[in-house]
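In what follows, a structure is listed as structure tokens, so that the remarks can point back to it.
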Amino acid sequence: MALTNYPHQSQGEKDLAAHPYFGLLWVMRSGKTRTTIRDIVSRGASGGIIVTPNRNKGNWVRQVPQHSDGQLKVLSPEGTIQERIEQIRKAKHDVYVLNVEALPYMADFLKSQPWPFFTIDESTAIKNHRALRTKVASASRAPVRRILSGLPNPNSPMDLYSQFTFLEPHLLGGNYWRFQDHFAIMGGFNRKEVVGFKNLEELYHIIAPYHSQVGEDALDILPTLPPVDVDVPLEGKVLKHYLELRDELRTWWADGDELKARTAITQILRLSQVAGGLLQNGERTEWIPDNPKVQVLDDMLEEIIIGPKDKVIVVAIYRGEIGALRDRYAKKYCARAIYGEEKQKDTDRYWQEFQTPEDPTRVMIVQPHSGGQGLELHAARTVIYYTGDFSLEAYQQVKWRAQQIGNKKAVRVFHLMARLPNQKGRKQTSIDETRYRVLAKKMRTAGEFMRKAFTNAELREVVDEVLGE
């Protein structure tokens, strides 16, 4: 059945036809893959490169024939680097799909070939201007270059430099340090930390002709229902360890310096790990099988999963808890997990089967940083966030993957919210409460192109709130 373009996709095809160097900075599930493929067809281009995170390769292999109406042949080479190179040399395909992680090892080969187009999918993979993969990608002089991303600068406007320099080497001056001097405010230790931004309207103006943006309001999907906070009062062993760790971190923070401030968020997130029932004792981790959060999750799954078509995504970030949750729900809900320890072929099979009505999996546990990208999880209409971090990109990944164009099922989102008992009549703020407050603030500015990282003042506010200062 032929697919019909949505208005933003038709406009996107016109933009790509008019501009050889262009970015589709469209929210996930907005159809930027289809739009990119249709442009390749219209140009009659053959033998070009699409670079994507390893987890997304299967999507491109399936969608290139689908959205080109069978006109384009696609190859995703496998094996050793040399074997992949030989496969490309011998093949006569229209599109070659490479994983971004392989770029540093294929540098000489990629430079030696006149690729007609070079596309970077999930282009934040090249946001670090120092990374070898970024340097290899930026060396491309293909006559058609594209970047695709839903969140091109999840942490800082500085993330834009390498992505737009890949498109047009001199667009932002060709020197990262001059770019940083002009658009960033420096401070912190030895004035080497970005603490704010300036001249952003000028930056908008420079990059405007080289990209288009699409938000959720342009898509034919039901809006996600407002998230519901589910209270989880901490108690027992979990509460004891949480308070002990908080006191330890309070001492660490009070005795810290600017160097320690850089790792403050990572240290504070240890509280999130404890609130989820995973305790760290030296190099050993201990899972509390009946911790407060998992007991609440038990009750929620019991209420939500009634019929054979009811499916739930549980989002968690720590491997120890992911494995424990999978094992806990394996028998009752045929639970599976998508995170960094499973093989790619198993991951592809898991999520493809998850979409089918006959698949017995009722609970899919997903780690957003390793399992959120490239997945289609729209068989579920409920997403439960068990643990998380301060990354807006990671938070949005799984929720957006549960939606798709044309999906008529509203997605319900629940936050398991650790709560601390009041102390001497004063409310104590948990790590979960602070984290969701920060994410909500970021989402309120989601319509803005720029999202800034923590300034020193914001970081101190977050840490002091969690530590009860």
Self-check item: Amide H contacts of Ile120 (H built 1.01 Å from N, under 5 Å, at least 5 apart or other chain)
Solution: Val51, Arg146, Ile147, Leu148
Quiz item: Any idea which of Met300, Gln428, Phe22 is furthest toward the positive side of the dipole for the chain, if Lys and Arg beta-carbons carry +1 and Asp and Glu beta-carbons -1?
Solution: Phe22
Self-check item: Between the range 24-44 and the range 409-429, the Cα center-to-center distance that results, in Å
Solution: 40 Å
Quiz item: Counting Lys and Arg as +1 and Asp and Glu as -1, what is the net charge of the other residues whose Cβ lies under 14 Å from the Cβ of Lys237?
Solution: -2
Quiz item: Counting only residues 5 or more places away or on other chains, whose amide H sits under 5 Å from the amide H of Ile384 once H atoms are built in the peptide plane?
Solution: Ile313, Val314, Val315, Phe414
Quiz item: At His205 and Gln180, where each label point lies 7 Å from the Cα along Cα→Cβ, what is the point-to-point distance in nanometres?
Solution: 2.5 nm
Quiz item: Based on the Cβ-Cβ distance of Ile306 and Arg349, what FRET efficiency does E = 1/(1 + (r/R0)^6) give at R0 = 25 Å, to the nearest 0.05?
Solution: 0.40
Practice problem: Give, rounded to the nearest 20 debye, the magnitude of the charge dipole that the chain has about its Cα centre when Lys and Arg contribute +1 at Cβ and Asp and Glu contribute -1 at Cβ. | Solution: 800 debye
Quiz item: Taking Cα centroids, how far is the range 150-193 from the range 55-80 in Å?
Solution: 33 Å
Exercise. Pull up all non-local amide H partners of His211: gap of 5 or more, or a different chain, and H-to-H distance under 5 Å with H placed in the peptide plane.
Key: Gly23
Exercise. Would you check the accessible area of Arg141, probe 1.4 Å, heavy atoms only, in square angstrom rounded to 10?
Key: 150 Å²
Quiz item: Accessible area of Ser42, 1.4 Å probe, to the nearest 10 Å²?
Solution: 90 Å²
Quiz item: If you roll a 1.4 Å probe over the chain with all protein chains in place, what percent of the accessible area is carbon or sulfur?
Solution: 51 percent
Practice problem: List, in order, the whole-Hz ³J(HN,Hα) value for each residue of the range 289-299 obtained from phi through the Karplus relation with A = 6.51, B = -1.76, C = 1.60 and θ = phi - 60°; use x for Gly and Pro. | Solution: x, 10, 6, x, 5, 5, 5, 5, 4, 3, 5
Self-check item: Estimated distance in nm for a label pair at Thr263 and Asn5, the labels positioned 7 Å out from Cα along Cα-to-Cβ
Solution: 5.2 nm
Quiz item: Applying the Karplus parametrisation 6.51 cos²θ - 1.76 cosθ + 1.60 with θ = phi - 60° to the phi angles of the range 5-12, what ³J(HN,Hα) value in whole Hz is obtained for each residue in order, glycine and proline being reported as x?
Solution: 5, 7, x, 5, 6, 4, 5, x
Quiz item: Once phi is turned into θ = phi - 60°, what whole-Hz ³J(HN,Hα) does the Karplus curve with 6.51, -1.76 and 1.60 give for every residue of the range 32-37, x standing for Gly and Pro?
Solution: 5, 5, 4, 4, 5, 5
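The values are calculated or read from the model by the stated rules, or taken from the named source; none is laboratory data. These numbers were taken from a predicted model, which means no experiment stands behind them. Please note: Cβ atoms are built from the backbone with ideal geometry, for glycine as well, and neighbour counts cover all protein chains shown. These area figures cover heavy atoms from the full protein model, side chains too; ligands, DNA and RNA do not enter into them. Shrake-Rupley method; radii C 1.70, N 1.55, O 1.52, S 1.80 Å.
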